[in-house]
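Working notes for the structure below.
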Amino acid sequence: MYYLAVEGKQKLSGSVTISGAKNAALPLLALTLLSKRKIKISNIPEVADVKTLLQLLANLGATYAFVQKNVVDVDATSVNSACANYDIVRKMRASILTLGPLLARFGHCEVSLPGGCAIGQRPIDLHLKALEQMGAEIEIKQGYVLAKAPKGLKGATIVFDKVTVTGSENIIMAAALAHGTTMLVNVAKEPEVVQLCEVLRDAGVTIEGVGSSKLIIEGSGGKLLNIPDFRVIPDRIEAGTYLCAGAITKSKITLKNVNPKHLEAVILKLKQMGFEIDETEESLTIHPNEKMIACDIETSEYPGFPTDLQAQFMALCTQAKGTSLIDERLFENRFMHVSELARMGANIKLKGHTATVEGKMKLNAADVMATDLRASSALILAALVAEGTTKIHRIYHLDRGYEDLEGKFSRLGANIERLEE
Ligand code: EPZ
């Protein structure tokens, strides 16, 4: 097992290139199941979750090859199995994204049920209910979702009871191959969902309402699609994490290959905390601010403040002047970083889904445990300003979603090392 040793009291400088978005890449990889051609995907982040989904596609019969760094060719035309087994799904919940495409393509599939995870129960009832409305018969047996729609899925009107990102993506992909028209109401508007719709549109699928909460999708009647090559959008959560790194270390750093439009809520929050941020179409520069002030945050669906940056902002708030209130509205258990930050000297009180963070606390290095992907990155941020060298254990969580993390931080001037326990 590896851990990260991060030296504190550091200043960063220079620039960092943001990778492709993991959460855009995963549904787009699942989408290859609906393609009648080999697809070249560029700007694909080489992170563990992406490799796991590629492995799952290979298990189903697809082939793939990295033709250069961050460019992968995926050919799913040869897929001959519709069973996503437990061994892979248990490694990554997002494997559930194969459910819609497999069912739409084969008329039946077996996909292992993802369990709960560190941040909450995370049910998939809304994915299943929507597929049933499209005519699927679904049974849960021995931990598997067994789904069939022998005559193909049918267009339907579906109103999601809650906004769900992967749920929307699953049903958008299913609807693209269904017979007839599907209307989806209360769909997620995350940039990742929008890119999925745009690629489908480029493949000739008629979709109205892209980027809004209501989509109307004309299905192909079971015919595989002519999906073109595409480039994955930049990772807004990785970008937000590096903005926080600049902010917490009071450093000037520039982010390249970002889409500032995807980060409006985050940039606004940093500005409220007193930071100056320069924007171009594809870059962001954060300037040092010696007088960072506390802020209140409530996570919500896009375009609101992302839950995937809640932990990082909590680390930041430990260094701001004043008291910050952080409300986690999406996941019931996404506060696992609180006790680890407390081990470093943070003063955070939890009540229900609200954390009260006292600012300007002196942080000290400690041995801390990564609990989920974003919680781990919050610990790195705290470690960068702590006194001494922090050891962060269980860093496999970080490898799931941050490409070349030590490389990127080292090039910004941090002293960060991956060592064996
Ligand atoms: C996606 O997860 C992301 N994962 C998560 O990123 C992100 O935190 C989350 O959206 C919210 O933005 C990927 O894109 C691969 P949801 P997802 O379905 O789709 C409830 C990261 O760190 N719900 O939008 O699984 C659910 O419990 C991660 O990169 C139901 O009740 O999240 C939650 O409270 C982790 N029933 C809320 O909806 C359902 O059937 C939103 O979850 C589905 C969801």
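The values are calculated or read from the model by the stated rules, or taken from the named source; none is laboratory data. Predicted model only: the values in this text are computed from it and were never measured. Reconstructed Cβ throughout: ideal geometry from the backbone, glycine too, with neighbour counts over all protein chains shown. Surface accessibility is based on the protein's heavy atoms, side chains included, excluding ligands, DNA and RNA. Shrake-Rupley method; radii C 1.70, N 1.55, O 1.52, S 1.80 Å.
Tell me, yes or no, whether the stretch 229-248 has at least one residue that is more than 16 Å from the ligand (Cβ to nearest atom), in contact with a Ser or Thr (Cβ under 9 Å, 6 or more places away or on another chain), part of a loop (DSSP other than H, G, I, E, B) and more than 30 Å from A386 (Cβ to Cβ). Step through it out loud before you land on a result.
Here is the first cut: in the stretch 229-248, the residues more than 16 Å from the ligand (Cβ to nearest atom) are 229-231, 243, 245-248.
Filter again for in contact with a Ser or Thr (Cβ under 9 Å, 6 or more places away or on another chain), leaving 229-231, 245-246, 248.
Keeping just the survivors that are part of a loop (DSSP other than H, G, I, E, B) gives 229.
Checking the rest, the ones that are also more than 30 Å from A386 (Cβ to Cβ) come to 229.
Yes, the stretch 229-248 contains at least one residue that is more than 16 Å from the ligand (Cβ to nearest atom), in contact with a Ser or Thr (Cβ under 9 Å, 6 or more places away or on another chain), part of a loop (DSSP other than H, G, I, E, B) and more than 30 Å from A386 (Cβ to Cβ).
Restricting to the stretch 1-31, what's the tally of residues that are away from the ligand (no atom under 16 Å from the Cβ) and either closer than 23 Å to D372 by Cβ or not aliphatic (A, V, I, L, M) (or both)? Give the steps one after another, and end with the answer.
Residues of the stretch 1-31 away from the ligand (no atom under 16 Å from the Cβ): 1-17.
Then keep just the ones that are either closer than 23 Å to D372 by Cβ or not aliphatic (A, V, I, L, M) (or both); that gives 1-11, 13-17.
Number of matching residues: 16.
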| Within the stretch 364-379, how many residues are of a type outside the set (S, T, Y), outside any loop (DSSP other than H, G, I, E, B) and under 25 Å from the mean Cα position of the chain (by Cα)? | 7
| Which of the residues spanning the stretch 249-265 are under 13 Å from I18 (Cβ atoms) and within 16 Å of the ligand (Cβ to nearest atom)? | H262, L263
| query | Under the condition of being in contact with a strand residue (DSSP E or B) (Cβ under 6 Å, 6 or more places away or on another chain) and at pLDDT 95 or above, which residue from the stretch 367-379 is nearest to the ligand (Cβ to nearest atom)? | reply | L379
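In the stretch 159-190, how many are assigned to a loop (DSSP other than H, G, I, E, B) and either within 20 Å of P303 (Cα to Cα) or at pLDDT below 95 (or both)? Can you show your working first?
Let us first name the residues in the stretch 159-190 that are assigned to a loop (DSSP other than H, G, I, E, B), namely 160-164, 178, 180, 186-190.
Subsequent filtering for residues that are either within 20 Å of P303 (Cα to Cα) or at pLDDT below 95 (or both) retains 160-164, 186-190.
Number of matching residues: 10.
I'd like the residue in the stretch 380-421 that is in a helix (DSSP H, G or I) and of a type in the set (F, W, Y) and, out of all such residues, is surrounded by the most Cβ atoms within 10 Å (Cβ to Cβ).
Start the filter on the stretch 380-421 by keeping residues that are in a helix (DSSP H, G or I), which leaves 380-385, 396-399, 405-411.
With of a type in the set (F, W, Y) added as a condition, the list becomes 396, 409.
On the way: Y396: 13, F409: 22.
Once the filter is applied, the top-ranked residue is F409.
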| task | Go through N23, N59, N80 for me and flag whichever is of a type in the set (S, T, N, Q) and part of a loop (DSSP other than H, G, I, E, B). | result | N80
| task | Identify, from the list K22, K51, K40, K91, the residue that is open to solvent by 10 Å² or more (accessible area, probe 1.4 Å) and free of Cβ contacts under 8 Å to residues at least 24 places away in the same chain. | result | K51
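Residues of the stretch 404-421 being of a type in the set (S, T, N, Q) and free of Cβ contacts under 8 Å to residues at least 40 places away in the same chain, which ones? Break it down into steps so the answer makes sense when it comes.
Narrowing the stretch 404-421 to residues of a type in the set (S, T, N, Q): 410, 415.
Listed by number, the list holds a single entry, S410.
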| note | The residue that is farthest from T157 (Cα to Cα), considering only those in the stretch 121-139 that are within 13 Å of the ligand (Cβ to nearest atom) and open to solvent by less than 10 Å² (accessible area, probe 1.4 Å), is H127
| task | State which residue is most open to solvent (accessible area, probe 1.4 Å) when the search covers only the stretch 189-206 and only residues that are closer than 23 Å to I44 by Cβ and among the β-branched types (V, I, T). | result | V194
| On the given criteria, is L225 open to solvent by less than 20 Å² (accessible area, probe 1.4 Å) and either free of Cβ contacts under 8 Å to residues at least 40 places away in the same chain or more than 21 Å from V72 (Cβ to Cβ) (or both)? | no
| Of all residues in the stretch 385-411, which are modelled with pLDDT of 95 or more and in contact with a Phe, Trp or Tyr (Cβ under 8 Å, 6 or more places away or on another chain)? | K391, I392, H393, K408
| note | Selection over the stretch 326-363 where residues are assigned to a strand (DSSP E or B) and open to solvent by 70 Å² or more (accessible area, probe 1.4 Å) yields a count of 3
| request: Inspect all residues belonging to the stretch 314-325 and state whether any of them is within 16 Å of the ligand (Cβ to nearest atom), in contact (Cβ under 8 Å) with a residue 40 or more places away in the chain and open to solvent by less than 10 Å² (accessible area, probe 1.4 Å). | output: yes
| Do you know which residues across the stretch 140-159 are open to solvent by 10 Å² or more (accessible area, probe 1.4 Å), touching a strand residue (DSSP E or B) at 6+ places or on another chain (Cβ under 7 Å) and within 16 Å of the ligand (Cβ to nearest atom)? | V159
| remark: Reported set for the stretch 83-120 where residues are near the ligand (Cβ under 9 Å from one of its atoms), in contact with a Lys or Arg (Cβ under 8 Å, 6 or more places away or on another chain) and either under 22 Å from T182 (Cβ atoms) or assigned to a helix (DSSP H, G or I) (or both) is R93
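If you take the residues of the stretch 167-187 that are closer than 16 Å to S212 by Cα and buried (at least 22 other Cβ atoms within 10 Å of the Cβ), which of them is farthest from the chain's Cα centre (by Cα)?
Ranking the qualifying residues of the stretch 167-187, first place goes to T182.
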